Amino acid sequence: MPVEITHNPAAQRFEAALDGLLCVADYELRDGVMHMTHTGVPPVLRGQGIAAQLVQAALDHARAHGLKVDPLCSYVRTYMQRHPETQALWAR
């Protein structure tokens with residue numbers, strides 16, 4: 001199910017609120033690299049593709065702004081490994 005994702009640059013994260021619960025993809029921006037540090041979805045909301053949508057929104061943002069991505073979060077790393085179209089974003 002598609003969710004509404006917002007970018008909260010002050011908190012350095014992408015977020016979605018569902019049923020009063022906050023889902024996030026956190027990052028730290030340094031020197032043109034978006035270091036993806038954490039993806040979190042409350043247990044009751046897992047398995048609905050919300051984390052993937054958050055990560056895709058972050059990667060779309062990185063692409064649109066000419067940023068590279070350092071997938072420190074294991075979820076983001078796995079997502080990028082499974083989606084070859086994201087390889088050009090990887091900061092290696």
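The values are calculated or read from the model by the stated rules, or taken from the named source; none is laboratory data. Just so it is clear, the structure is predicted and the values come from calculations on it, not from any experiment. Cβ placement follows ideal geometry from the backbone for every residue including glycine, while neighbour counts extend to all protein chains displayed.
Going through D19, D31 one at a time, which residue ends up being touching a helix residue (DSSP H, G or I) at 6+ places or on another chain (Cβ under 9 Å), of a type in the set (D, E) and exposed (fewer than 14 other Cβ atoms within 10 Å of the Cβ)?
Among D19, D31, only D19 is touching a helix residue (DSSP H, G or I) at 6+ places or on another chain (Cβ under 9 Å), of a type in the set (D, E) and exposed (fewer than 14 other Cβ atoms within 10 Å of the Cβ).
Scan the range 67-91 residue by residue and report those that are within 22 Å of P2 (Cα to Cα) and touching a helix residue (DSSP H, G or I) at 6+ places or on another chain (Cβ under 8 Å).
Within the range 67-91, Y75, V76, Y79, M80, T86 qualify.
Is there a residue in the range 45-66 that is modelled with pLDDT of 95 or more, part of a strand (DSSP E or B), touching a Phe, Trp or Tyr at 6+ places or on another chain (Cβ under 9 Å) and under 20 Å from T6 (Cβ atoms)?
no
Quick one: in the range 12-37, of everything that is in contact (Cβ under 8 Å) with a residue 12 or more places away in the chain and in a loop (DSSP other than H, G, I, E, B), which residue is nearest to the chain's Cα centre (by Cα)?
Q12
Can you tell me which residue in the range 38-59 is nearest to D70 (Cα to Cα), limited to those that are without any contact (Cβ under 8 Å) to a residue 24 or more places away in the chain, surrounded by 13 or more Cβ atoms within 10 Å (Cβ to Cβ) and more than 11 Å from the chain's Cα centre (by Cα)?
Here the answer is V41.
Give me the residue from the range 60-79 that is without any contact (Cβ under 8 Å) to a residue 24 or more places away in the chain and either of a type in the set (S, T, N, Q) or over 17 Å from F14 (Cα atoms) (or both) and, out of that set, surrounded by the most Cβ atoms within 10 Å (Cβ to Cβ).
Only one residue tops the list, namely T78.
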